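I have placed the structure first, in the form of structure tokens, so that the comments after it can refer back to it.
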Amino acid sequence: MQDEQSQAVSNGTRKPIKVYLAAPRGFCAGVDRAIQIVELALQRYGAPVYVRHEIVHNRFVVDSLKAKGAIFVEELEEIPPGDHPVVFSAHGVPKAVPAEARSRKMFFLDATCPLVSKVHVEAERLHELGHEIILIGHAGHPEVIGTMGQLPEGSVRLVETAQGARDFVPRNAQKLAYVTQTTLSVDDTSEIVGILRSRFPGISGPHKEDICYATTNRQAAVKSIAPRCERMIVVGSPNSSNSMRLVEVAERAGCPKAMLVQSAADIPWEDFVGVRSVGITAGASAPEVLVDAIIAAFKERFATTVESVTTAKENIAFNLPRELRP
């Protein structure tokens, strides 16, 4: 039995729908750099190029790199002996990983986002000053594992929620500092930092905000369109922290229902029966081709008008590793 949209299309009476397209959206400079590193390594050194962990959290990107000759592994021990390059993902790795690579005489390229590396440097600086470090972030996320792995075990304590901040018991309240994961909800993190500062007025923090510009900008763009949207589609992968935060931000900002989809094939069209307005955005690791396909899918089913809503301009680019520069 055809759903309402299919009937409308077949009868030539497509129902109108307004698409608000959030900008900025999609690839950030760190993701773009990481993908370039794998592609340039394949061009320069030939296949295979091994990548430890998903280079970025997006199935489409990973599959396209696999098709070009990249092989993804979780641990270095899975890589056979040889002189093929090994790339570390954009999320960063514990210090033990490059140390192991050197001990195995591997040639490796570090695709860690420079803004994640900044957090690593900040954590090390605060640790050297004798501070106990609080990391605000999500347990098990590769970026959190990498940041905690910059310092000796036990030096970094993880706080995930506002309640966690209220319950935190420091070893020495006078020597306390915090850093954050780069892909968190701006509002949630602000609340957690506020609680920590209220409880521990002397707490030290990063010189500059740890949440990256791309996370902040994409959340602000979603907030600007959410009140106008009956539905919000966030293009991204379930293991993408910044994409999941966009779903939460959309609903908090006034959209009745937000959903994460990996591609147009995942859209539950039954949820759009009678809907007149939809917002579309994409997480920082989702390519624009996926957004284009979703807009095309709406145009097949509805009389669609698209309005781009831009809240910030981005012109940031990061240098490639020396080994890959022309």
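If the condition is being without any contact (Cβ under 8 Å) to a residue 24 or more places away in the chain and assigned to a helix (DSSP H, G or I), then the range 252-281 contributes Ala265, Asp266.
Each residue in the range 287-309 was checked for being in contact (Cβ under 8 Å) with a residue 12 or more places away in the chain and among the charged types (D, E, K, R), and 4 of them qualify. Of the strands (runs of 3 or more DSSP E) lying entirely inside the range 63-132, not one is found with 1 or more residues being among the hydrophobic types (A, V, I, L, M, F, W, C), in contact with a Cys (Cβ under 8 Å, 6 or more places away or on another chain) and at pLDDT below 95.
Looking only at the range 157-191, count every residue that is of a type in the set (Val, Ile, Thr) and either outside any strand (DSSP E or B) or out of contact with any helix residue (DSSP H, G or I) (no Cβ under 8 Å at 6 or more places or on another chain) (or both) and tell me the total. Counting residues in the range 157-191 that are of a type in the set (Val, Ile, Thr) and either outside any strand (DSSP E or B) or out of contact with any helix residue (DSSP H, G or I) (no Cβ under 8 Å at 6 or more places or on another chain) (or both) gives 6. Inclusion of Val87 among residues that are assigned by TED's automatic domain parsing to the domain that holds Gly154, crowded, with 22+ Cβ neighbours inside 10 Å and closer than 23 Å to Cys28 by Cα is not warranted. Could you please let me know if Val38 is in a strand (DSSP E or B), touching a residue at least 24 places away in the same chain (Cβ under 8 Å) and surrounded by 21 or more Cβ atoms within 10 Å (Cβ to Cβ)? In short, no.
Restricting attention to the range 234-251, the residues being in a loop (DSSP other than H, G, I, E, B) and of a type in the set (S, T, N, Q) number 3.
A residue that is part of a loop (DSSP other than H, G, I, E, B) and surrounded by 18 or more Cβ atoms within 10 Å (Cβ to Cβ) occurs nowhere in the range 303-325. For the range 150-161, the criterion of being under 26 Å from Gly283 (Cβ atoms), surrounded by 18 or more Cβ atoms within 10 Å (Cβ to Cβ) and touching a residue at least 60 places away in the same chain (Cβ under 8 Å) is met by no residue. Of all residues being among the polar types (S, T, N, Q) and in contact with a strand residue (DSSP E or B) (Cβ under 6 Å, 6 or more places away or on another chain) in the range 260-281, which is surrounded by the fewest Cβ atoms within 10 Å (Cβ to Cβ)? Just the residue, please. Within the range 260-281, the match that is surrounded by the fewest Cβ atoms within 10 Å (Cβ to Cβ) is Ser277. Restricting attention to the range 312-326, the residues that are of a type outside the set (A, V, I, L, M, F, W, C) and under 19 Å from the mean Cα position of the chain (by Cα) add up to 3. Scoring Val121 on the criteria (1) under 30 Å from Arg171 (Cα atoms); (2) within 22 Å of the chain's Cα centre (by Cα); (3) surrounded by 16 or more Cβ atoms within 10 Å (Cβ to Cβ) leaves a single failure, condition (3).
Among the residues of the range 41-58, which ones are of a type in the set (D, E, K, R) and either assigned to a helix (DSSP H, G or I) or within 9 Å of Ala70 (Cα to Cα) (or both)? Hit for the range 41-58 is Arg44, nothing else. Restricting to the range 282-294, and then to whatever is among the aliphatic types (A, V, I, L, M) and in a loop (DSSP other than H, G, I, E, B), can you tell me which residue is nearest to the chain's Cα centre (by Cα)? This residue is Ala284. For the range 277-299, a residue qualifies if it is among the small types (Gly, Ala, Ser) and in contact with a Gly (Cβ under 8 Å, 6 or more places away or on another chain), and the qualifying residues are Ala282, Gly283, Ala284, Ser285, Ala286.
The values are calculated or read from the model by the stated rules, or taken from the named source; none is laboratory data. Small disclaimer: the values here were computed from a predicted structure and weren't measured. Cβ coordinates were reconstructed from backbone atoms using ideal geometry, including for glycine residues, and neighbour counts include every protein chain displayed.
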